[in-house]
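Okay, structure first, notes after.
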Amino acid sequence: KNQVEQSPQSLIILEGKNCTLQCNYTVSPFSNLRWYKQDTGRGPVSLTIMTFSENTKSNGRYTATLDADTKQSSLHITASQLSDSASYICVVISFGGGSYIPTFGRGTSLIVHP
Amino acid sequence: DSGVTQTPKHLITATGQRVTLRCSPRSGDLSVYWYQQSLDQGLQFLIQYYNGEERAKGNILERFSAQQFPDLHSELNLSSLELGDSALYFCASSVAWRESADTQYFGPGTRLTVL
């Protein structure tokens, strides 16, 4: 069964600090892995998309890594800001029989305190 | 603003009723995806349409149906509503439908409350 596990479930950090969120998956066949940021009550916003051959992708202060061998990904946030407070969701995409199949993690809730 | 619009923003209805949620994709996007997000289940993929045709099906209940019209807007129909159908329903759009790392743009969602 395809699964995506995220850790930690929640995280509290001080403004200006760095943090790393983890995503472990068992999804086959693998197509790509996506990180989304979701503010409370709003639609998710795409941060990064990584295919099998990519092991690092950056988007401003967000840097995602992918280790396809160990089936792990991380999202590193540098110099956190109050606006980074949100839920971060890891999604692994599979294409089975030509059909799009996403498997979602439950998300990491990040709170940035001043 | 993602460019994806969803109406209505909020919907309150009673058990057993039927509702229709509407989504307009970004200009130029041919794929539309529907997702459900509840507190206990997280985000779940329901169904995908590409250029008017159904392309992928996820955990969509038989009581739910969707379609994409020639102008590419999509509607999600939920019938015989139950309390457990209360959730945020998101629509997303992208350019392509097949194996590709194209970005999905999510709408603001419709919050459905079933009383």
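If you take the accessible area of A alone plus B alone and subtract the pair, what total do you get in square angstrom, rounded to 100, with a 1.4 Å probe? Numbers along the way, then the final one.
Details: alone 6300 and 6280 Å², together 10860 Å².
Accessible area lost upon association: around 1700 Å².
Can you give the net charge of the other residues whose Cβ lies under 12 Å from the Cβ of B:Tyr89, counting K and R as +1 and D and E as -1? Don't skip to the answer; put the middle values down first.
Values: positive: B:Lys9, B:Arg22, B:Arg111; negative: B:Glu75, B:Asp85.
Here the count lands on +1.
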Setting aside same-chain residues fewer than 8 positions from A:Lys57, which lysines have a Cα under 24 Å from its Cα?
A:Lys17, A:Lys37, A:Lys71
Point-charge dipole on Cβ atoms (K/R +1, D/E -1) for the protein assembly as shown, about Cα centre, debye to 20
200 debye
Treat each spin label as a single point 7 Å out from the Cα along the C-beta direction, and report the B:Ile12 to B:Ser38 distance in nm.
2.0 nm
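Largest first, how would A:Lys71, A:Lys1 line up by accessible area (1.4 Å probe)?
Values: A:Lys71 80, A:Lys1 205 Å².
Listed by decreasing accessible area, they come as A:Lys1, A:Lys71.
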Residue order for B:His10, B:His73, A:His76, A:His113 - accessible surface, 1.4 angstrom probe, largest first
B:His10, A:His113, A:His76, B:His73
Quick test of your reading: applying the under-4.7 Å Cβ rule, which cysteines of chain A are isolated?
A:Cys19
Accessible area (Å², 1.4 Å probe, nearest 10) - B:Ser2
40 Å²
Amide H within-cut-off set for B:Ser86, under 5 Å, with H built and near neighbours excluded
B:Val114
Run the accessible area of chain A with a 1.4 Å probe and give the carbon-and-sulfur part as a rounded percent.
49 percent
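Hey, what did the stretch A:20-114 get for relative contact order, percent, Cα under 8 Å, at least 6 apart? All intermediate terms of the calculation are to be shown ahead of the outcome.
Working: 200 pairs, mean separation 30.0, N = 95.
Computed over the stretch A:20-114, the figure is 32 percent.
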For B:Glu54, what accessible surface area do you get with a 1.4 Å probe? Give it in Å², rounded to 10.
90 Å²
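The values are calculated or read from the model by the stated rules, or taken from the named source; none is laboratory data. Everything numeric here is computed off the predicted structure, so don't read it as measured data. Neighbour counts are summed over all protein chains in view; Cβ atoms, including those assigned to glycine, are modelled from backbone coordinates with ideal geometry. In case anyone asks, the SASA skips ligands and DNA or RNA and just uses the protein heavy atoms, side chains included. Shrake-Rupley method; radii C 1.70, N 1.55, O 1.52, S 1.80 Å.
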